[in-house]
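Participant: Can you keep this structure in mind? I'll have questions shortly.
Rule-based calculations on the coordinates, nothing more; no lab input. Just so we're clear, the structure is a prediction, and the values are computed from it rather than from any experiment. Cβ placement follows ideal geometry from the backbone for every residue including glycine, while neighbour counts extend to all protein chains displayed.
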Amino acid sequence: MVEERIEKAANDLANSRHAVALTGAGISTESGIPDFRGPNGIWTKYPEMERKAYQIYGIFLNDPVAYWKDRLENPFLHKFFTVEPNPGHQALAELEEAGIIQAVLTQNIDNLHQRAGSRNVMEYHGNINKLRCISCSSRYNRDDYDLEKMKEENTLPPLCPGCGHPLKTDVVYFQEPIPQDVAYQSYLEAQKCDVMLICGTSANVYPFASLPTTARSRPGVTIIEINAEPTPLTTNNISDYIIQGYTGEILPRLSEKVMKKLSAKE
């Protein structure tokens with residue numbers, strides 16, 4: 001059954017005009033980044049970290065110095081800077097290079113898609129390697145600021161060179177609006193795709209989880225899930241079919257089949 005569905009997905013992708021991929025935590029757990037609410041998730045093990053997650057945006061708004069001290073002392077966040085892309089990320093980059101995947105819309109903040117070679121990536125919940133100004137929406141590379149030195153010298157927070165407003169990480173927190181540029185670009189991709197490949201997401205976090213429904217509202221769109229377990233997209237018939245398994249195993253097999261089909265057309 002899995003092999004038959006991989007073959008079907010390869011046909012759908014090879015014949016697509018504008019395919020996009022949606023990715024969630026499942027593709028990054030295979031690189032060693034734990035999820036949040038799973039059996040071994042960060043918030044499952046450390047409920048106090050979930051409580052802090054709901055408070056952190058307010059802390060930034062009220063006391064940017066306290067916010068930055070908290071971020072720099074959080075041991076979990078350092079995990080994001082030590083992991084590497086896995087075969088799932090690399091397969092999506094290969095499909096983009098071949099002209100099949102036109103955009104990757106991701107919930108993930110880890111920058112692994114870009115490091116694997118994907119170029120057109122829309123980071124719905126931001127990027128931990130960037131800083132963002134919530135006043136003028138400018139973004140800057142985290143490496144442009146020596147945050148540890150600023151902490152030692154009591155010169156936090158980093159300030160926006162454009163407008164002077166305190167910067168936060170680009171990561172979108174609870175209670176914080178999705179940046180309008182990313183939300184709009186992602187909506188446009190969902191509006192114009194003819195194939196949507198959903199990889200490693202539980203489809204429970206909104207408004208990101210509404211993007212498949214946006215695509216489903218148009219005729220002729222094929223929505224394919226690659227998930228370890230069925231999701232609300234499966235049970236509510238938003239997706240056309242699911243390939244059940246790990247993205248790091250399924251996506252390379254899928255990419256290989258697509259490449260063979262493209263070669264056969266030449």
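Participant: Put a dot 7 Å past each Cα toward the Cβ at ASP143 and PHE81; how far apart are the dots in nm?
Facilitator: 1.2
Participant: Roughly speaking, what is the stretch gain from LEU159 to ASN120, that is 0.36 nm per residue apart minus the C-alpha to C-alpha distance, in nm to one decimal?
Facilitator: So the chain would gain 11.3 nm between LEU159 and ASN120.
Participant: Viscosity 0.692 mPa s, temperature 37 °C: give me the Stokes-Einstein translational D for the range 1-110 in µm²/s, with Rh taken as the Kirkwood radius over C-alpha pairs.
Facilitator: The estimated diffusion coefficient comes to 196 µm²/s.
Participant: Stick to Cα atoms and the Kirkwood definition of Rh, then tell me Rg/Rh for the range 199-266.
Facilitator: Rg/Rh for the range 199-266 comes to 1.04.
Participant: Looking at the chain, send over the antiparallel percent of its DSSP beta bridges, to the nearest 5.
Facilitator: 20
Participant: Stretched out fully, how many nm does the piece from VAL65 to HIS18 gain, at 0.36 nm a residue minus the Cα gap?
Facilitator: 12.5 nm
Participant: For the range 1-68, with only Lys/Arg (+1) and Asp/Glu (-1) charged at the beta-carbon, what is the dipole magnitude about the Cα centre, in debye rounded to 20?
Facilitator: The dipole of the range 1-68 has a size of about 180 debye.
Participant: Next question. Please report, in debye to the nearest 20, how large the charge dipole of the range 41-176 is about its Cα centre when each Lys and Arg carries +1 at its beta carbon and each Asp and Glu carries -1 there.
Facilitator: 220
Participant: When the Karplus curve 6.51 cos²θ - 1.76 cosθ + 1.60 is applied with θ = phi - 60°, which whole-Hz ³J(HN,Hα) does each residue of the range 183-188 get, with x for Gly and Pro?
Facilitator: Rounded to whole hertz, the list is 4, 5, 4, 5, 4, 4.
Participant: Suppose R0 equals 22 Å; then what is the FRET efficiency for ASN204 and ALA53 from their Cβ-Cβ distance, rounded to the nearest 0.05?
Facilitator: Calculated transfer efficiency: 0.90.
Participant: What are the equivalent ellipsoid semi-axes of the range 113-203, built from the alpha-carbon gyration tensor (square roots of five times its eigenvalues), in whole angstrom, biggest first?
Facilitator: Rounded to whole Å, the semi-axes are 30, 15, 12.
Participant: Next question, about the same structure. In bins 10 Å wide, starting from 0, what share of all Cα pairs of the range 100-157 does each bin hold, as a percent?
Facilitator: 20, 42, 26, 10, 2
Participant: Only sites in a loop by DSSP and with at most 10 other Cβ atoms within 10 Å count here; which GluC sites (Glu not before Pro) in the range 29-131 make the cut?
Facilitator: Counting only loop positions with at most 10 other Cβ atoms within 10 Å, the GluC sites (Glu not before Pro) in the range 29-131 are GLU73.
Participant: Run through the range 42-142 and list the trypsin sites (Lys or Arg not before Pro) located in a DSSP loop whose Cβ has at most 11 other Cβ atoms within 10 Å.
Facilitator: Within the range 42-142, the qualifying trypsin sites (Lys or Arg not before Pro) (loop, at most 11 other Cβ atoms within 10 Å) are ARG119.
Participant: May I pose another question? How large is ³J(HN,Hα), in whole Hz, for each residue of the range 22-28 in order, when computed from phi with the Karplus curve 6.51 cos²θ - 1.76 cosθ + 1.60 and θ = phi - 60°, using x for Gly and Pro?
Facilitator: Once θ is set to phi - 60°, the couplings for the range 22-28 become 10, 10, x, 4, x, 6, 8 Hz.
Participant: Now for a separate question. In whole Å, what three semi-axes, largest first, describe the equivalent ellipsoid of the chain built from its Cα gyration tensor (square root of 5 times each eigenvalue)?
Facilitator: Its equivalent ellipsoid spans semi-axes of 35, 19, 17 Å.
Participant: Which of the lysines could a cross-linker bridge to LYS265, judged by Cα under 30 Å and excluding same-chain residues fewer than eight apart?
Facilitator: Those lysines meeting the cut-off are LYS8, LYS192, LYS257.
Participant: Would you calculate a helix-derived [θ] at 222 nm for the chain, using -39,500 (n - 2.57) for each DSSP H run of n ≥ 4 and dividing by the full residue count, to the nearest 500?
Facilitator: That calculation yields -12000 deg cm²/dmol at 222 nm.
Participant: To continue, here is another question. Using the charge dipole of the chain (Lys, Arg: +1 at Cβ; Asp, Glu: -1 at Cβ; taken about the Cα centre), state which of ILE243, SER186, PRO158 has its Cα farthest towards the positive end.
Facilitator: Of the listed residues, the answer is SER186.
Participant: Here's another thing I want to ask about it. At a Cα cut-off below 23 Å, give the lysines reachable from LYS52, other chains included and same-chain residues fewer than 8 away excluded.
Facilitator: Within the straight-line cut-off, LYS52 pairs with LYS69, LYS79, LYS130, LYS151, LYS168.
Participant: Once you put a point 7 Å from the Cα of GLU4 and another 7 Å from the Cα of GLU229, both along the Cβ direction, what distance in nm separates them?
Facilitator: Label-label distance for GLU4 and GLU229, simple model: 2.6 nm.
Participant: Now for a different question. For the range 140-266, just the Cα set please: Rg and Dmax, both in angstrom.
Facilitator: Both quantities, over Cα of the range 140-266: 20.3, 62 Å.
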